[in-house]
Amino acid sequence: EDPIAEAKREQEREEAAARAAAEEERRRRDSRRGKDKTDPIVTTPGLPESKEEEGDGDKGERPARPQPPETPQPKPQPPVSQPKPQPPVTPKPPGKPQPKPKPPSQVPVTPPPPAAVSQFGGRWTSTGTCPKPGDAGYRWVVSLRQSGNEVFGDIHFHKCPGGGRASYSVRGTAGAGDSVTLSGPRVDGRGPLGSTAPMSSSFTVKRYEPPSPNFAP
């Protein structure tokens, strides 16, 4: 075949296809334009009205209409709960007046019982004797009296036979023990014992026992 003729036919086919495509595009624009004429035109205050361009639409498509701004809808508020009515408060009737508390009674303070005091009052002597009358007839004699815890009296010694005598006036304070300490001066002295016995002395005395020290054992 002739290549020139073939090229010419190909060009004609392309031109026919372009014309068909342009015709189809024109129909679509005409169809859209006829539909837009039936729609109402909404005019928004403050915005210029849009004008349609006359012609067959070859100069460009129609600009889109501006839409009115949406008005924000207020959000629904939650219902306000009403406070529940409170029942009326009934005042309590006044009660009986409370008696005033009594002041604490004064409890008498009982003094503690006195401590036990041993008794040392009495007279006791040695078992050995001397051939003399009265107190001189014993080697030692304890003669005491007691008032409360005060103890006082005499202690006599006779160192017989021939050893002399010595007597003491003594006093002391008794306690709860079984002995008491008595002290005092010598009030009488004879013979050798009267010379050697101290002028004053302290004695430990237990009831019915010889004094200590014992100057005439």
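A short reminder: the numbers here are calculations on the coordinates, not readings from a lab. Everything quoted here is computed from the prediction, not taken from an experiment. Cβ placement follows ideal geometry from the backbone for every residue including glycine, while neighbour counts extend to all protein chains displayed.
Applying the Karplus relation 6.51 cos²θ - 1.76 cosθ + 1.60 with θ = phi - 60° to the stretch 135-143 yields 3J(HN,Hα) values of 5, 5, x, 10, 6, 8, 9, 10, 10 Hz, where x marks Gly and Pro. Is the shape of the stretch 144-201 rounded, prolate or oblate, going by the alpha carbon gyration tensor and its root eigenvalues a ≥ b ≥ c, with a/c under 1.5 for rounded and a/b larger than b/c for prolate? Prolate shape, in that a/c is at least 1.5 and a/b is the bigger ratio. Listed from fewest to most Cβ neighbours within 10 Å, the set Leu144, Leu182, Leu193 follows the order Leu193, Leu144, Leu182.
Put a dot 7 Å past the Cα of Asp30, heading toward its Cβ, do the same for Gln106, and the two dots end up 13.6 nm apart. Among Lys206, Lys92, a tally of other beta-carbon atoms within 10 Å of each Cβ gives an order, fewest to most, of Lys92, Lys206.
Placing +1 on the Cβ of every Lys and Arg and -1 on the Cβ of every Asp and Glu, with no other charges, gives the stretch 105-217 a dipole of roughly 320 debye about its Cα centre. Taking amide H as placed 1.01 Å from N in the peptide plane, Glu209 has no amide H partner under 5 Å among residues 5 or more places away or on another chain. Applying 0.36 nm per residue to the separation of Arg190 and Arg123 and subtracting their alpha-carbon distance, the gain on full extension is 21.9 nm.
Taking amide H atoms as placed 1.01 Å from N in the peptide plane, the amide H of Trp140 lies under 5 Å from those of Ser126, His158, each 5 or more residues away in sequence or on another chain.
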